[in-house]
Amino acid sequence: MSSQQPYAPTAYSSSSFSSSAALRSRIPLDEEARLYRTSAQRDLFESLAEVYAIIVTLDFVEKAYVKDTISQAEYTPICSRLLAQYSTILKNQDVANEFKDLDSFRAQYDIEYPSAISRLRVGIPATVEHPVSKEPGITYPLAQSSPAPSRSAASARAAADATGNFITFMDALKLNYKAKDQLHPLLGELMTSLNAVTTKDFDGRAKIIEWLIKLNSMKATDEITDDEARQLLFDIDHAYKAFYTILE
């Protein structure tokens, strides 16, 4: 008596095979499989793919900078551009709704890339968060003048730019600017101009970094409260006075 072959159909496998065959018969095998049916859906998926690509690229850049594979002058504009592209894509409301937040996006697409995730949370390049003295013979593309560790090395123009950015930001708060997309770019520009004058720490600098990180964690249309706006104005004014002191 011959036994049934291992590959012989059974009642279960026959039913399963029939179901699979019926399913395949409804799928046009000569057409490209699409994730979208409309142009709006296509734009959405392409934007999410760009966000994913930015995260992968940013992680590579962060690691290259830590390993000294790229210089400060190369790292700063590349990182700033990637962060700006990331923020610009997420200003689209449809993309932002699908993206939800960084943690949700990571979980949905099983993303690791810890260096990139950390940088996206901070929202500014490492050279702005932790400024270092200028490398010899290199011109910084984001600075109006060369970063310098002392007043004697700082140009009058760089000091004037930083002072102007302080005043511009405080005026924005007095004009009731409260949204992230209004305040974060101004505060980022202020931090960059400060690093062009001095890489030394001064009273109030840490507060500017804290506010940059806080604003970066908000959605573009989110607003700070009246109490937070008042505290932010106080912290920036305090930092301005401390900055002015180191110029004397």
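Couple of notes before you dig in:
- Residue count for region 173-185, restricted to those that are in a helix (DSSP H, G or I) and either modelled with pLDDT under 95 or surrounded by 18 or more Cβ atoms within 10 Å (Cβ to Cβ) (or both): 7.
- When region 216-243 is filtered for residues that are under 29 Å from I117 (Cα atoms) and charged (D, E, K, R), the ones remaining, listed by number, are K219, D222, E223, E228, D235.
- In region 32-59, residue modelled with the lowest pLDDT [restricted to those that are in contact with a helix residue (DSSP H, G or I) (Cβ under 9 Å, 6 or more places away or on another chain), open to solvent by 50 Å² or more (accessible area, probe 1.4 Å) and among the charged types (D, E, K, R)]: R34
- If you check S87, S71, S80 for being modelled with pLDDT under 95, surrounded by fewer than 19 Cβ atoms within 10 Å (Cβ to Cβ) and under 23 Å from Y109 (Cα atoms), only one passes: S87.
- Complete set of residues in region 195-230 that are in a helix (DSSP H, G or I) and loosely packed, with under 13 Cβ neighbours inside 10 Å: A206, E210, D226, D227, R230
- Filtering E129, E62 for residues that are at pLDDT 95 or above, under 23 Å from E189 (Cα atoms) and among the charged types (D, E, K, R) leaves a single hit, E62.
- Scan region 80-137 for residues that are touching a Cys at 6+ places or on another chain (Cβ under 8 Å) and outside any helix (DSSP H, G or I) and the total you get is 1.
- Pairs linking a residue in region 153-173 that is under 11 Å from E189 (Cβ atoms) and among the aromatic types (F, W, Y) to a residue that is open to solvent by 20 Å² or more (accessible area, probe 1.4 Å) and assigned to a helix (DSSP H, G or I), with Cβ atoms under 7 Å and 6 or more positions apart or on different chains, are F166/Y240; F169/L186.
- When A162, A148 are checked against the criterion of being part of a helix (DSSP H, G or I) and either modelled with pLDDT under 90 or buried (at least 16 other Cβ atoms within 10 Å of the Cβ) (or both), A162 stands alone in meeting it.
- Of all residues making up region 63-114, the number that are more than 14 Å from the chain's Cα centre (by Cα) and among the β-branched types (V, I, T): 5
The values are calculated or read from the model by the stated rules, or taken from the named source; none is laboratory data. Treat the numbers as computed from the prediction; the structure is a model and nothing was measured. Quick reminder, even Gly has a Cβ in these numbers, built from the backbone with ideal geometry, and neighbours come from all protein chains shown. For the accessible areas, the whole protein counts, side chains as well, though only heavy atoms, and no ligand, DNA or RNA atoms are used. Shrake-Rupley method; radii C 1.70, N 1.55, O 1.52, S 1.80 Å.
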